[in-house]
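See below for the structure under consideration.
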Amino acid sequence: MDTSITVFALDDHPIVLDGLSAMFIGNTSVNLAATFNHSHALLDKLKIEQPNVLLLDITLPELSGIEVCKILTEEYPRLSVLMLSAKTDEYTITESIKAGAKGFLPKNAPKDEIEKAIKRVQAGKMYFGEGINDTIFKGYVKNLTTYPKNLPSMALSEREKEIIKLFADGLLYKEIADRLSISIKTVEAHKAKIMKKIEAKSTAALVKYAIKEGITSLD
């Protein structure tokens, strides 16, 4: 029985796709099953076959990687998207997280780290390269004033802390509902209440809050 992780890759630079293909030749853990240089070709293929993980570039000639990620998050919620991009600024990383990406790596990441990231996001967790972590950290430090200064994490119930951690770990509504043996509507209600309490307007802000309060980490 084949237990390898099936991966697709989308990048408009053939040299990048060739490099990824060469990187995983003979790898028994990761199977780079298909590569694409146009987003519409990928979307057509996904109607027939879905991988476990998609390696996705940001800058593409048709739809941007962030736009593709939004589409895939809605249509294929079980597909884990790992951004692999030369653009590693705070805005790009934050927008990728908002779009549903489970991880983000710079294109110069070594093979071992790319493989590690693939395995982590396939397992439902999030993964960010060391430099990406630094960018996210600087971003949330800059925006600490977004949150009430007198609101400690104790303002959240233990169940709310549990749910915020699962969202920060990248789990979807249904996965959280299954994990906690509650309904999806209950998860939605908890998240809405949490975001109102901490004055967060997006899942990315929720993740920043969870890191700031020590509820979760990016390790």
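Read-outs throughout are calculated quantities, based only on the coordinates presented, and are distinct from any laboratory measurement. Small disclaimer: the values here were computed from a predicted structure and weren't measured. Every residue, glycine among them, receives a Cβ derived from its backbone with ideal geometry; neighbour counts consider all protein chains shown.
Odds and ends about this structure:
- Structural descriptor for the chain: relative contact order 15 percent, calculated from alpha carbon pairs under 8 angstrom and at least 6 residues apart.
- Of the residues A123, I97, S39, the one whose Cα sits farthest towards the positive end of the charge dipole of the range 5-140 is A123 (charges of +1 on Lys and Arg Cβ, -1 on Asp and Glu Cβ, taken about the Cα centre).
- Full-stretch length increase - H38, S157 - with 0.36 nm per residue and alpha-carbon distance subtracted: 38.3 nm
- In this simple spin-label model, placing a label point 7 Å from the Cα along the Cα-to-Cβ direction at both Y76 and T59 gives a separation of 2.5 nm.
- Whether the range 16-90 is rounded, prolate or oblate, judged on the alpha carbon gyration tensor where a/c under 1.5 counts as rounded: oblate
- Label-to-label distance, nm, for residues given as E67 and T3 (7 Å Cα→Cβ offset): 4.1
- Cβ-based net charge around A177, under 10 Å, with every Lys or Arg adding one and every Asp or Glu removing one: 0
- Multiplying the residue separation of K197 and H13 by 0.36 nm and subtracting their alpha-carbon distance yields 61.8 nm.
- Distance violations [Cα-Cα > 26 Å] among K174/K201; K125/K191; K119/K208; K87/K161: K87/K161
- Under 18 Å from a label point set 7 Å out along the Cα-to-Cβ vector of E90, the amide N atoms of the range 116-130 belong to 129-130.
- In terms of its alpha-carbon gyration tensor, the range 5-140 comes out rounded; the largest-to-smallest axis ratio a/c stays below the 1.5 threshold.
- Candidate cross-link partners of K116 among the aspartates and glutamates, defined by an alpha-carbon separation under 17 Å and a same-chain spacing of 8 or more, comprise E130, D169, D219.
- The charge dipole of the chain, taken about its Cα centre with unit charges on the Cβ of Lys, Arg, Asp and Glu (plus for the first two, minus for the last two), comes to roughly 1000 debye.
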